Amino acid sequence: SQKQPMIEPRMAMGYRINNVDDRVDDIINALKTSKNFDPNRLTKFRTVLCFYDGEEQIFDYGECYVDLIFADSVKNFVPVSVAIREMKDSLVLLYGLEYEKWLKRETVGSIYKSNFLDEDEDNEEISSDNIVSNKASLKLRDRVLKEGSVLPNEIIDVSQFMDSMVDVNLMDECGIELANRFIRTKPTKILTIATTGLIAALPIARQLNIPVVYARKERSVVMSNPYRSTFKSRTLGTSRELFVSKEHLNPNDRILIVDDFLSSGSSQEALLRIVGECNGAVAVGIATLIEKVYESGRRNLSGFDIPIESLVKVVSVEDRIIRMEEEDGYEDYIIQNY
């Protein structure tokens, strides 16, 4: 009998991916430390995919161009994402493939129910309109990178769209996303700080259909015996007091803390201390728009053992350059919108 040809292990497995190892960063570091270093030198990352089923062979690739100063091995995942998308489109065209609508509907519905609904709730049909994607966080990330700037003392200036001037449409979308992340905690009130915290608190409260209570930085004449707490303001470089009327918090309240930034966690901790003073009230989570990961606020608040969610995570502002934590879907968002 004729001997069967040996099949390569990678062909039998169906796929093989070469790892991105330290050599990429080694090459980049060598270029950055060379005498002729040019931070604006264009660096190209290229990923090539090959599909082979024994008969057909298809090649597709993705590319990403960045200035050398921003280059590192993480950027390689951008062309990987593009190459995979191109390969998918090629295979759909070649084999006449299409997504089964019933499978997509069942998958999306299951994800929504597992994240946002209690097990004992009715098994009602979930349409794609009810599913809130992470586009709001991607849009916010894009605006921070484009319009944000770093001031002295590592203060991030986003006054163009969420401080002295507010993009209300963007904030509404961010409110929807954060509200869906906390809907299972069943909050009864939102507690925030006037005035910047209100830009996130109001749209979240609208989605959850609950009231907003905000802490004042100066005692109002109508506050006879308020809750009070202090925190260190890095923006002003001084300690600030917070005042909340005792009439607005009840012992049975489930309170969601909302703020625009999570930095050192000092202001959020001050609000949590106020919640703790209201005997019986509990904090169910902390929601913020932007998190400064490098200031370790999440770690400082870990002792409270409550969920913390932020839409955008800034890992560094070194050299006054805003650097973000890589988020799933950001490369796809850029490809679709630019």
Counting only residues 5 or more apart in sequence or on a different chain, those whose built amide H sits under 5 Å from that of GLY285 are ILE257
Pseudo-spin-label distance ARG323 to ILE306, built 7 Å along Cα→Cβ, given in nm, is 3.2 nm
According to the square roots a ≥ b ≥ c of the eigenvalues of the Cα gyration tensor, what is the shape class of the range 211-290, taking rounded for a/c under 1.5, prolate for a/b larger than b/c otherwise, and oblate for the remainder?
-> oblate
The alpha-carbon center of the range 138-157 and that of the range 190-243 are separated, in whole Å, by 23 Å
Amide H proximity to THR188 below 5 Å, modelled H, separation 5+ or other chain, gives ARG254, ILE255, LEU256
Quick one: net charge around ASP253, please, counting Lys, Arg +1 and Asp, Glu -1 for every other residue with C-beta under 13 Å from its C-beta.
-> +2
Taking a crude spin-label model, label points 7 Å out from Cα along the C-beta direction, the ASN169 to SER316 distance in nm is 3.5 nm
Student exercise, the range 131-220 dipole from Lys, Arg, Asp, Glu Cβ charges, in Debye to nearest 20 = 500 debye
Percent of accessible area on the range 159-274 owned by carbon and sulfur, 1.4 Å probe?
-> 47 percent
Once phi is turned into θ = phi - 60°, what whole-Hz ³J(HN,Hα) does the Karplus curve with 6.51, -1.76 and 1.60 give for every residue of the range 37-51, x standing for Gly and Pro?
-> 4, 10, x, 8, 4, 6, 10, 10, 9, 9, 10, 10, 10, 10, 10
Calculated from backbone phi, Karplus (6.51, -1.76, 1.60) coupling profile of the range 162-172 in Hz, x at Gly/Pro | 8, 9, 6, 10, 10, 7, 5, 5, 5, 5, 4
Cross-link list LYS189/LYS246; LYS146/LYS292; LYS44/LYS139; LYS189/LYS313: which exceed 21 angstrom alpha carbon to alpha carbon?
-> LYS44/LYS139; LYS189/LYS313
Nearest-0.05 FRET efficiency for ASN36 and ASN209, computed from C-beta distance (R0 51 Å) | 0.25
Could you please put LYS32, LYS146 in sequence from largest to smallest accessible area, using a 1.4 Å probe?
-> LYS146, LYS32
For the range 33-98, just the Cα atoms, rotate onto the principal axes and tell me the three extents in Å, largest first.
-> 52, 22, 15
Please give the contour-minus-distance gain from LYS232 to THR195: 0.36 nm per residue of separation, less the Cα-Cα distance, rounded to one decimal in nm.
-> 11.7 nm
Long-range amide H partners of ARG41, meaning residues 5 or more apart or on another chain whose placed amide H is closer than 5 Å, are LEU68, ILE69
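The values are calculated or read from the model by the stated rules, or taken from the named source; none is laboratory data. Keep in mind the model is a prediction, meaning the values are calculated, not measured. Positions of Cβ are generated from backbone atoms using ideal geometry, with glycine treated the same way; all protein chains shown enter the neighbour counts. Just so you know, the surface numbers come from the protein's heavy atoms only, side chains and all, with ligands and any DNA or RNA stripped out. Shrake-Rupley method; radii C 1.70, N 1.55, O 1.52, S 1.80 Å.
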